[in-house]
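Inspection log for the structure reproduced underneath, given as structure tokens.
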Amino acid sequence: MKIISIINQKGGVGKTTTAINLSAQLAKTYKKKVLVIDLDPQANLTIVLSGGQFEFNSTIANVFDTPKTHSLIKSIIPAKTGESGVIENLFFCPSDIHLSKVIEQSLTKFQREQILLKQLEPLKNDFDIVILDCPPNMSLTSVNAMVASSFFLIPIDGGSFSLNGLADLLDALEEVKENEELNYAVFRNEYALSNRLINNYIDSELADIDGTYLKTKIRRSEAIGQASVTTQPLLSYQKTSNAINDYKDLAKEVLELINV
Ligand SMILES: Nc1ncnc2c1ncn2[C@@H]1O[C@H](COP(=O)(O)OP(=O)(O)OP(=O)(O)O)[C@@H](O)[C@H]1O
Ligand SMILES: [Mg+2]
């Protein structure tokens, strides 16, 4: 079981959209058994993968709140599109707004940065890939994701400030991973070919990072937002599009890197 964090403390760069559509591709096209965990109290991923549900018996907030009595497995449910459709091979753990409060109150918990790692350990034969959708900050939730993950996928948007904060993020990852090798890949989201000046700048800045700069670029596409509004991954929303092909390529490139 490979655990991948989709991470960038910068907001709105496409973490959640990537988590949804990459995991749908991995499950549907590449037949991997995938678990996605929503680690953001905003719960955007939860709304999409539950087909629009807002209330759950148990969420990741319960797991962080009382890890000894509330195991992660209790919060895992099949991903749905609308009322009836289930996405085969795709499972998720919902989040909710209480997660922020729980995290604030966890600061005195023993080994608080290893809660997720320990909760995932018993599931290691149940899933091929676990995808963690991180919040846009360096909170304890993100640190838990960093500790648990062996691979980091970092989306970079097409704006002029897209690389601001990347060095800080890589420093934080290096620090958390200490002596372990740091495996990460950066990729472009909301890519527009016409944005030549910014594209050249980003290409040159990322040319000699230690990690991989992915060949795949997720182009800017209206269908991506539209699918999320209808609470489904792109793959369920439409049959073919450039965006679907982009996520398919992304899944393929990621699978090659993580050897699954
Ligand atoms: N390739 C794309 N083309 C068009 N719109 C996109 C694309 N990727 C993301 N978006 C849109 O950008 C917005 C932000 O995306 P998303 O929520 O995935 O970012 P995020 O990094 O998870 O944000 P946050 O930091 O708040 O968690 C959403 O409205 C989403 O639909
Ligand atoms: Mg998000």
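If you go through the range 236-245 and keep only what is out of contact with any strand residue (DSSP E or B) (no Cβ under 8 Å at 6 or more places or on another chain) and open to solvent by 40 Å² or more (accessible area, probe 1.4 Å), you end up with Y237, Q238, K239, T240, N245. Residues that are buried (at least 16 other Cβ atoms within 10 Å of the Cβ) and touching a Leu at 6+ places or on another chain (Cβ under 7 Å) within the range 223-235 comprise I224, A227, listed in sequence order. The range 1-94 holds helices (runs of 4 or more DSSP H) entirely within its bounds, and those carrying 2 or more residues that are more than 20 Å from M146 (Cα to Cα) map to 15-28, 44-49.
Among residues of the range 14-33 that are in contact (Cβ under 8 Å) with a residue 12 or more places away in the chain and within 21 Å of K124 (Cβ to Cβ), those with a beta-carbon under 6 Å from a residue that is assigned to a loop (DSSP other than H, G, I, E, B) and away from ligand 1 (no atom under 16 Å from the Cβ) at least six positions away or on a different chain give the pairs L26/K32; K32/D128; K33/F127; K33/D128. Only residues that are under 24 Å from A27 (Cα atoms), touching a helix residue (DSSP H, G or I) at 6+ places or on another chain (Cβ under 6 Å) and assigned to a loop (DSSP other than H, G, I, E, B) were counted in the range 97-132, giving 0. Residue-level check: of (1) in contact with a Leu (Cβ under 7 Å, 6 or more places away or on another chain); (2) open to solvent by 10 Å² or more (accessible area, probe 1.4 Å), I4 misses just (2).
The values are calculated or read from the model by the stated rules, or taken from the named source; none is laboratory data. This structure is a prediction, so every number in the text was calculated from the model and none was measured. Backbone-built Cβ (ideal geometry, glycine too); neighbour counts: all protein chains shown. With ligands, DNA and RNA removed, areas are computed over all heavy atoms of the protein, side chains included. Shrake-Rupley method; radii C 1.70, N 1.55, O 1.52, S 1.80 Å.
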